[in-house]
Each structure stands twice: as C-alpha cells, then as structure tokens.
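Student: First, the structure itself, so that you have it in front of you.
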Amino acid sequence: MAYPKVLVIDDEEISRISCERILKRIGIETTKAGSGREGLDLLLAEPHDLVLVDLKMPEMDGMEVARRIRDYDPNIVTIIITGYATIETAVTAIKEGAYDYLPKPFTPDELVIVVQRGLEKRRLDRESQALRQEKEAMERNFVTMVTHQLRSPLGAIYQYFEVLLSDLGGDLSKIQREMIERARERLDGLLQLINDWLDMNRIQTGDIAHRLEACPLSSCVSAALAGLEMAAMEKGIKLSVNIPQDLPRVCIDRNTFREVLSNLIANAIKYNRPEGKVCISACETKDCVVVAIEDTGLGIDEKEIPFIFEQFYRSKSKAVRQQQGTGLGLAIAQKIIRAHRGKIEVQSRPGEGSIFSVYVDKERRE
Ligand code: ADP
C-alpha cells in the first residue's frame, strides 16, 4: 500500500485536527469529515483504507457509520473512537463491523499503534485477496487448457475405435470386439466429462443475464426433446408434454435454457425404470413460469437431495452407478438457472420417481 488514506469522522474540529497532525508525522495522509453523512459521501467519492470514527455524534452516531461502511465495503478498516469505553461498547462496535476501538483520551502513540495495526490488516487482506484471485485464474486457465488439449486426441482415438468396430476394421475376434467396445464406452464417458467441464467453465453468469428474451416455452421444450426421443424409445419410456396454450412466454436465454431442460429430461430418462414415463408440464405463478419434469424412476433419497447439485456428486446407489454420468449435469443446470435469477426445486420418493421444477420469470403482460 504505497500511500494509505485515512478518513477521520468527528464532529469536534479539534479532535479531527489533532488526529491529522499525529498521523502526518508518520507520513499518513488524512481526509476529515465533521459528520457521518459527510464522511460516507467522501468514502463514495474516493477510496480510503481506514476510517477513524467518533462514537458520539449528533445525527448519525459512530455505530451507524461503521455499519454503513461495512455494508458498502467490508474491506475498509473502521476504528471507533469512544469516550465511553466499556466492554459492551467494544463488543457492539466490533459486531457492527468495526475492526478496533480507541478509548478517549488517547496519547499520540496509542493512536499511531491502533492505526498502524489497522493498516497492516488492510495490507494483508489485500495481499491475500490478490493471491486468491491469481490462484483462481491459474486454476481456470490450467483446467481449460488441459481439457482442450485432451479433447482432440481423445476424439481421434474414438474415431479409430469406430472404424475398427465397423466393417472397415476387418475381422475382429469376439473378445477383441468386446474389448474395443468397452474401451469406446469408457472413452465416451471421458469425453462427456470433458465436454461438461468445459461447459461449466464456459457459462458466464453475466452473459446470460444480458441475453434474456421472451420465448414460448413449448418451442424450448421441443428443442430440448430433439435428440432425446431415441434414448427414451430404447428404454420403452413414454414421453408426454402438457403445456397450457395460454401460458405466458418465458424470459430466458434460449441456448442455455434448452441445455437445462435437456439435462433434466435426459436424467428423467436415464434414471427411469424400463417402460416408465416422463411428463413435462408447466404452470404459472404470480411472477414465474414453473416447468416440471416428472419421472417414474429410481427417486432420490432425502439425505442425498442437498448434494445432487454439487459438482461431481453422484449417488452411491448401484442403480445410479450402472448409468454413465459425470455428476456435472445438475451443477450446470443450477448455475444457468441462477444466472436467470430463477431456481430449481426437487421433490422425490425413492423407488417411485422425482419431480424437478424449474422457476423462471414470465413475460409481463402490460
Ligand atoms: P449425472 O447424471 O451425470 O450423474 P447429474 O448432475 O445430472 O449427474 O445428477 C447428479 C445425481 O443426481 C445423479 O448421479 C443421480 O444420483 C441424481 N439424479 C439426478 N436426476 C435424477 C433423477 N431424475 N432421478 C433420480 N436421480 C437423479
């Protein structure tokens, strides 16, 4: 911190000036304010590292100022100066977001010690924040780089397996064919994981909020179902869609919202029983449209529900493990729907089925 900036808020001019003089001797620049409101305006106008605020002031007292500073920027270090130093005031001050308090009257040395300690905390906070951001950026870049580098060679290997398994591959013994089929299946899972992981990193919450547009839900559902009908047919699962004609349009980002519906419908098929049912229905509430995806499948144990939206979480049950999956589908869906300012709810009965309900804003009719 090259030039730390300190703000002194005190209604007594003499106190402001003496703080300024003492701190100037150790090379600290101060700004002064005669009331809480003036101080808060100064904070908004230019960044400060530390605020010294008198507890007893007319209009807005020091506690209220500390509370507002904490709400505005919790990283600013606030020190309360008080003539009534009791344990109680100290505790309340700290609760309201102050870092420390200084009982009046204080000597210049006492002021200097408290301010230097506060500024040291500010410096350490900043350093650790910068390190955290750097670490996060490195992790993001590293993962994205590795996943990109892995995807193309794995895709090529997959193609070779396809050729070997087709007639072009010549005569393969039964055992060779089985081994290649197993390898292809594992590779398929790995490619799915890489694609999901890239997806998870690609979704930028801010971008989605900017792309929201009003769309009819039925067209989103049709788009999501394309490509899943085959999987349903293979398992003998009956798909039904029940969307009221007069349902208001939904405010969504088409591509990512379709991805959410696809993920949920794919799960409803994947974790269903053979010859089961999947029903997609919708209704409206005061502000939202609710899309429900209901299945007649395995269901989810109540204990597991809090975890299913976490990255890489998959149920330990054998029936789930028999299905290929990455444990990222619901985490992606949750991230997308949160970016829409909506929510996903789950109701489930083990052995009977589950309902995933997605809430998104509806178009307002003037
Ligand atoms: P994946 O399906 O790849 O495992 P998801 O993130 O989509 O990952 O789902 C996480 C877990 O939630 C699944 O492994 C499964 O245990 C459970 N789950 C999700 N959808 C359903 C469903 N419709 N019925 C039963 N369990 C489900």
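The values are calculated or read from the model by the stated rules, or taken from the named source; none is laboratory data. Everything numeric here is computed off the predicted structure, so don't read it as measured data. All Cβ positions, even for glycine, are placed from backbone atoms using ideal geometry, and neighbour counts span all protein chains on display.
Student: Scan segment 342-366 for residues that are surrounded by fewer than 20 Cβ atoms within 10 Å (Cβ to Cβ), in a loop (DSSP other than H, G, I, E, B) and in contact with a strand residue (DSSP E or B) (Cβ under 7 Å, 6 or more places away or on another chain) and jot them down.
Tutor: Within segment 342-366, E363 is the sole residue that qualifies.
Student: Being of a type in the set (G, A, S) and over 13 Å from D49 (Cβ atoms) is the filter here; which residues of segment 111-155 pass it?
Tutor: Within segment 111-155, S128, A130, A137, S152, G155 meet the criteria.
Student: Using beta carbons and a limit of 9 Å, which pairs, at least six apart or on different chains, have the first residue in segment 229-257 and on the phi > 0 side of the Ramachandran plot and the second one loosely packed, with under 14 Cβ neighbours inside 10 Å?
Tutor: Here the result reads G236/P274; G236/E275, each pair linking segment 229-257 to a residue that is loosely packed, with under 14 Cβ neighbours inside 10 Å.
Student: Looking at segment 348-366, which of the residues that are more than 11 Å from C251 (Cα to Cα) and in contact with a helix residue (DSSP H, G or I) (Cβ under 9 Å, 6 or more places away or on another chain) is nearest to the ligand (Cβ to nearest atom)?
Tutor: Filtering first and then ranking leaves S354.
Student: Let me ask something else. Quick one: would you say G342 is near the ligand (Cβ under 8 Å from one of its atoms) and under 23 Å from the mean Cα position of the chain (by Cα)? Break it down stepwise before answering.
Tutor: On the way: near the ligand (Cβ under 8 Å from one of its atoms): no; under 23 Å from the mean Cα position of the chain (by Cα): yes.
Here the answer is no, as G342 does not meet what is asked.
Student: Please go through segment 63-85 and give me each residue that is closer than 14 Å to D11 by Cα and modelled with pLDDT of 90 or more, ordered by number.
Tutor: Looking only at segment 63-85, we keep the residues that are closer than 14 Å to D11 by Cα, and these are 65, 80-83.
Scanning segment 63-85 gives V65, I80, I81.
Residue-wise test of (1) at pLDDT 95 or above; (2) in contact with a Lys or Arg (Cβ under 8 Å, 6 or more places away or on another chain).
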{"residue": "R321", "(1), (2)": "no, yes"}
{"residue": "Q334", "(1), (2)": "yes, no"}
{"residue": "I337", "(1), (2)": "yes, yes"}
{"residue": "R341", "(1), (2)": "no, no"}
{"residue": "E345", "(1), (2)": "yes, no"}
{"residue": "E352", "(1), (2)": "yes, no"}
{"residue": "F356", "(1), (2)": "yes, no"}
{"residue": "E363", "(1), (2)": "no, yes"}
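Student: Only one of these is of a type in the set (S, T, Y) and assigned by TED's automatic domain parsing to the domain that holds R341: S218, S173, S152. Name it.
Tutor: Matching residue, one of S218, S173, S152: S218.
Student: Are there any helices (runs of 4 or more DSSP H) wholly within segment 159-246 with 2 or more residues that are more than 26 Å from the chain's Cα centre (by Cα), and if so which?
Tutor: Result: 174-202, 217-225, 229-234.
Student: Further question on the same structure: Within segment 288-337, track down each residue that is near the ligand (Cβ under 6 Å from one of its atoms) and free of Cβ contacts under 8 Å to residues at least 24 places away in the same chain.
Tutor: Y313, R314, S315, G327 - these are the residues of segment 288-337 that are near the ligand (Cβ under 6 Å from one of its atoms) and free of Cβ contacts under 8 Å to residues at least 24 places away in the same chain.
Student: Condition (residue is assigned to a helix (DSSP H, G or I), within 16 Å of L119 (Cα to Cα), modelled with pLDDT of 90 or more and touching an Asp or Glu at 6+ places or on another chain (Cβ under 8 Å)) applied to segment 6-22: is it met by at least one residue?
Tutor: yes
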